Structure formats: C-alpha cells, structure tokens
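The values are calculated or read from the model by the stated rules, or taken from the named source; none is laboratory data. Values in this document were obtained by computation on a predicted structure and should not be read as measured data. Cβ coordinates were reconstructed from backbone atoms using ideal geometry, including for glycine residues, and neighbour counts include every protein chain displayed.
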Amino acid sequence: MKAREAAAQVRAELEAAGIPDAAMEAELLTRHASGLSRSAFFADEPVAEGAWDELNALITRRLRREPTPYLTGLREFHGLELVVGPGALIPRPETELLVEIGLSELERDPGATVLDLGTGCGAIAIAVAKAAPGTRVIAADVSADALRVAAMNVKRHGVPVSLVQSDLARAIRQADIILANLPYVPEGIIETLQPEVQHYEPRVALNGGEDGLDLVRALLTDCESRLRPRLVAFEIGMGQARHVVEAAEALGAEAGIEHDLVGWERVVTARWA
Ligand SMILES: C[S@@+](CC[C@H](N)C(=O)[O-])C[C@H]1O[C@@H](n2cnc3c(N)ncnc32)[C@H](O)[C@@H]1O
C-alpha cells in the first residue's frame, strides 16, 4: 500500500476515536512505522509489508491515548528536533515564548547566565544555547528521569548546557536570567485534563499544589531573598497571571505580563532593581 493511503486509514481510525489533529498524527505515525522521510511520504512511496505490524501497534497505543510524541520519541521545539520520553513533559509550542524572552534579555546583557528551571527534556535551555552560542546555560530539574532525557538532547544538539539535579534553585548559586516552566496545574484539576496528559505525562511536571502556584511562589521568595536575578520569567496557566504579579510585587519586584500568539496571558516576568 502507498504511504498516503496507509495514512488515510490511520486517520480514519483516529478520527473515529475522536482524536484531534488526526491527519497530522496519522502522517507522523505512518512515517515513524515505515521509516519514510517527509519527502518520501509526500512522494507517496510504498509502505513496506513489514511496517504494518509496527503501525498497528502504534495505532493501538494511540487509541489508548498515549501521546504521539511518546510513540515516535520525537518532538519539535523552537525549530529543534528533541528526544522525548515518558520521564519528561512533552514541550509545548507556547513555551517558546520563554525562549524569546530569554533571548531578548540576552541581547541587553550578553554575558548573563541563564537558568532553565524545571527543564524537563531540556527544551528551553537547548533552544537558548543554540540561538545564543557562548551563553552560560544551566538546566535544572528535580527529576532524575527528566534529566536523563535532557542529557540525550544536550548530546544530540552538541550544546554546552550544564545539567543539575535541584529542588527548585536550591543547588544553584547564581543566575541572571531564570526561565521557569514549573508545574502550575492546580492539583484538583489534574483528573480533568486530557487522558494523554493525566495518564501519561509525569505528575511531577504538572502538579503545582492547591492553586497551582506553590512552586512559583517558592521560587519568587528565593529570588528575592538570595538569588537576585535581573529577570525571572514564569510560564503560567489561565487566570493565574494576576496572582503571580501580586506575589512578585509583594516581594518588591517590578512585574509584567507577556501574551502568547493566541493572546493569552502566558508569562509573568519579575525584575528586581
Ligand atoms: C511543566 S514541566 C516543564 C518542562 C520543560 N521546561 C518544558 O517546558 O517542556 C515542569 C518541570 O519542572 C520539574 N519540577 C517539578 N518540581 C520541581 C522542583 N521542585 N524543582 C525543580 N524542578 C521541578 C518537573 O520535573 C518538570 O520537568
């Protein structure tokens, strides 16, 4: 069978199960199982007989709602292909805003040390290190599983990112720019998230405590009392920006809100004089 006909069959199965973006997912799964490149897929080359068992196994897992990036083992972020696996959150496109904020701060202060706190698969740190060579970049996470995935990506992209296991910034002595996509989902709503997220992504990457902001507040306190970065930028969820701004201002910071491409309040920045 030709590649596009195979993908059409996969798409029909995914759509019947109500899986969104079925066309894109079908292409990714078909290409992954068959080993066809993007151009070979669009040239409609045949899917080898032997690839069908693999493709059917992938469909079965996807119908159980396992996320496609965990099935293919790859995810694109900021133009980079990253390895992903169940030990680390799948990086989301909206998180690229933190990278952009970090890069524009680096333009003002090229010698700054950047800390990606809660690095997961290393996405933010590696994107910054790639776009701003020569920058000292530290990637920290409490999770050894996440750091194992991050180490694969650091190696894959050949960037000089230092990986550190740390509960919040406790193991970090100094940082000028902190980019923090810490867990911010309120504990009580985790059970209402899509099955892909609640059943497959690590709880430690999601659970931000009762209102989702336990770790954000703790890091703000550490920034004010000890680290004194020139900038800390937090990715946050819907309805949380105002609370984070209030918490930062209560600690004497100048706080701001940045919007993502769809206009949502996505990042809160805090600066101390
Ligand atoms: C929302 S995920 C973000 C992952 C990655 N930065 C990204 O954007 O794809 C949050 C990350 O914070 C880490 N984390 C959770 N609690 C932490 C803590 N107390 N100290 C450091 N990292 C923590 C999790 O292991 C997870 O990798």
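Just a few scattered comments:
- Failed item, numbered, when residue 1 is tested on (1) surrounded by 18 or more Cβ atoms within 10 Å (Cβ to Cβ); (2) over 18 Å from residue 71 (Cα atoms): (1)
- Extreme residue, nearest to residue 210 (Cα to Cα), among residues of segment 228-273 that are among the acidic types (Asp, Glu) and surrounded by fewer than 14 Cβ atoms within 10 Å (Cβ to Cβ): 246
- Residue check: residue 91 meets all listed conditions (1) within 16 Å of the ligand (Cβ to nearest atom); (2) not assigned by TED's automatic domain parsing to the domain that holds residue 201 but one, namely (2).
- In segment 4-32, the qualifying residues are those that are in contact with a Lys or Arg (Cβ under 9 Å, 6 or more places away or on another chain) and farther than 21 Å from residue 74 by Cβ, and the one that is surrounded by the fewest Cβ atoms within 10 Å (Cβ to Cβ) is 17.
- Selection within segment 33-60 - of a type in the set (Val, Ile, Thr) and either within 20 Å of residue 75 (Cβ to Cβ) or in contact (Cβ under 8 Å) with a residue 60 or more places away in the chain (or both): 59
- Which listed residue is closer than 17 Å to residue 91 by Cα, acidic (Asp, Glu) and away from the ligand (no atom under 14 Å from the Cβ), from 246, 196: 196
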